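The values are calculated or read from the model by the stated rules, or taken from the named source; none is laboratory data. On a predicted model such as this, the values are computed, not experimentally measured, just so you know. With ideal geometry, Cβ positions are generated from the backbone for all residues, glycine too; neighbour counts draw on all protein chains shown.
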Amino acid sequence: MFGIMSLLLFYCLAPYVWFFIMTLMKPQEMMNPLGRFLPESPSLENYSILFFDSIYPRWMLNSVLVSAGYTVVTVLVSALAAYAFARFEFRGKRLLFMVIMGTVMVPFATLVVPLYIELIQYGLMNTYAGVVIPPTVNAFTIYYLVAYMSSAVPKDLVESALIDGSSELKIFARIVMPLALPGLAAMAVTNFVGAWNEFFWPLIVLRTPEMYTIPVGLPTWSTIPGTTTMEVHKQVTGAFVANFPTVVLFAVSLKYYIKGITAGAVKG
């Protein structure tokens with residue numbers, strides 16, 4: 001068993017080790033068609049160029065703002081919707097829930113043209129809001145939180161709070177949200193990683209290099225404008241560095257993530 005686990009660990013980590021080794025190479029070594037496993041003279045020069053002689057720090061800031069904004073808005077909106085579905089009985093509830101779930105089957109590409117026209121009309125092109133707002137209604141997040149709140153939030157506790165005179169908003173903020181924290185953390189991590197890696201929608205909305213996120217900005221380094229020289233050293237190093245925020249987020253929230261995934265996996 002130890003041998004199998006060691007092989008699996010090597011299989012998972014080997015690409016990242018090779019990735020890191022490549023960031024220590026010179027551009028000529030990266031482009032060597034015969035390839036080299038170890039750099040001839042390891043150097044951190046690529047990192048220095050990336051952070052102090054390029055626009056990459058601005059792209060990373062943009063990615064953090066867009067991903068964090070999308071995550072906060074999506075989780076909050078989904079939590080409010082999930083609380084309504086889990087807590088109340090109202091006419092058309094089942095139909096409305098089925099309609100929301102049905103949006104999963106609608107390809108996002110089919111919505112690009114109408115959303116693009118709306119963003120132009122509202123002046124949201126090339127803005128953070130234009131990237132964050134349109135995809136915030138996430139059917140999977142709503143579905144997961146409905147199941148989680150139905151199992152993790154006792155109805156007796158909510159009814160007791162109502163008898164004590166608490167409003168629905170107060171119950172949601174002070175009782176439901178704390179009890180649903182593991183589930184919210186699981187969805188926050190999932191949505192953050194998805195937003196961090198998103199390429200298609202930011203590519204449509206963002207127009208200037210100063211507003212690019214990392215996935216949109218890195219391909220622009222394929223060639224230096226006016227030349228045929230590839231900036232592969234910045235692409236490779238930038239792609240490697242881009243992994244760290246999501247890895248750190250997952251490591252920090254691992255306890256809540258595992259608890260949220262396991263507790264919300266089964267309703268009831």
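So the values come out like this:
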{"item": "Any helices (runs of 4 or more DSSP H) falling wholly within the stretch 49-127 and containing at least 2 residues that are over 30 Å from LYS234 (Cα atoms) and of a type in the set (Gly, Ala, Ser)", "result": "56-87"}
{"item": "From the options GLU231, GLU210, GLU198, residue that is in contact with a helix residue (DSSP H, G or I) (Cβ under 9 Å, 6 or more places away or on another chain) and either more than 22 Å from SER63 (Cα to Cα) or at pLDDT below 90 (or both)", "result": "GLU231"}
{"item": "Residues within the stretch 144-163 that are touching a residue at least 12 places away in the same chain (Cβ under 8 Å) and either over 18 Å from LEU76 (Cβ atoms) or not β-branched (Val, Ile, Thr) (or both), tallied", "result": "11"}
{"item": "For MET105: the one exception among (1) surrounded by 15 or more Cβ atoms within 10 Å (Cβ to Cβ); (2) under 23 Å from MET187 (Cβ atoms)", "result": "(1)"}
{"item": "Sole exception among (1) surrounded by 11 or more Cβ atoms within 10 Å (Cβ to Cβ); (2) under 30 Å from GLU159 (Cβ atoms) for PHE20, by number", "result": "(2)"}
{"item": "Some residue of the stretch 242-262 being more than 26 Å from VAL137 (Cα to Cα), aromatic (Phe, Trp, Tyr), surrounded by 18 or more Cβ atoms within 10 Å (Cβ to Cβ) and at pLDDT below 90", "result": "no"}
{"item": "Any pair with Cβ under 6 angstrom, 6 or more apart, that starts in the stretch 15-27 at a residue that is on the phi < 0 side of the Ramachandran plot and ends at one that is part of a helix (DSSP H, G or I) and polar (S, T, N, Q)", "result": "THR23/ASN46; THR23/THR237"}
{"item": "Lone unmet requirement of (1) in contact (Cβ under 8 Å) with a residue 24 or more places away in the chain; (2) surrounded by fewer than 17 Cβ atoms within 10 Å (Cβ to Cβ); (3) among the polar types (S, T, N, Q) for THR141", "result": "(2)"}
{"item": "Filter result for ALA152 (at pLDDT below 90 and among the aliphatic types (A, V, I, L, M))", "result": "yes"}
{"item": "Selection status of LEU157, in contact with a helix residue (DSSP H, G or I) (Cβ under 7 Å, 6 or more places away or on another chain), under 30 Å from ILE120 (Cβ atoms) and in a helix (DSSP H, G or I)", "result": "no"}
{"item": "All positions within the stretch 1-36 that are farther than 23 Å from PHE244 by Cα and hydrophobic (A, V, I, L, M, F, W, C)", "result": "MET1, PHE2, ILE4, MET5, LEU7, MET31, LEU34"}
{"item": "Within the stretch 73-105, considering residues that are free of Cβ contacts under 8 Å to residues at least 60 places away in the same chain and within 18 Å of LEU169 (Cβ to Cβ), the one farthest from the chain's Cα centre (by Cα)", "result": "PHE90"}
